[in-house]
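What follows is a short report on a single structure.
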Amino acid sequence: MSGSDEGRGAPAKEHKVLKLENWTCYSCGLELAERLRKVKGVKDVSLNFFTKQVLIDHEGARIEDIEKEIDKLGLRHTGRR
């Protein structure tokens with residue numbers, strides 16, 4: 001297709017699911033979501049306290065920056081998907 005913008009422009013939106021091993025209170029999760037939303041490239045954050053998972057929608061965010069914010073709150077994470 002001539003004139004197509006396919007393959008150019010903004011990075012594709014990605015989803016990461018991280019399981020938090022020692023998340024014990026919902027307010028800690030809200031604090032984490034607030035911090036993660038400030039990471040460059042993060043578009044949205046969803047929490048599931050019952051499964052202890054955080055879903056991060058992002059466009060080009062560095063996983064290292066996301067993990068750093070999790071670590072700052074003393075939470076442990078596993079299961080990058």
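None of the figures in this text is laboratory data; all of them are computed from the coordinates on show. Bear in mind that the values here come from a model prediction, so they are computed numbers and not experimental data.
Quick notes on this structure:
- Cross-link table LYS13/LYS52; LYS13/LYS72; LYS16/LYS43, entries beyond 18 Å C-alpha to C-alpha: LYS13/LYS52; LYS13/LYS72
- Based on the convex hull around the alpha carbon atoms, region 14-78 presents an average projected area of 3.6 nm².
- Relative contact order [Cα under 8 Å, 6+ residues apart], region 14-78, whole percent: 44
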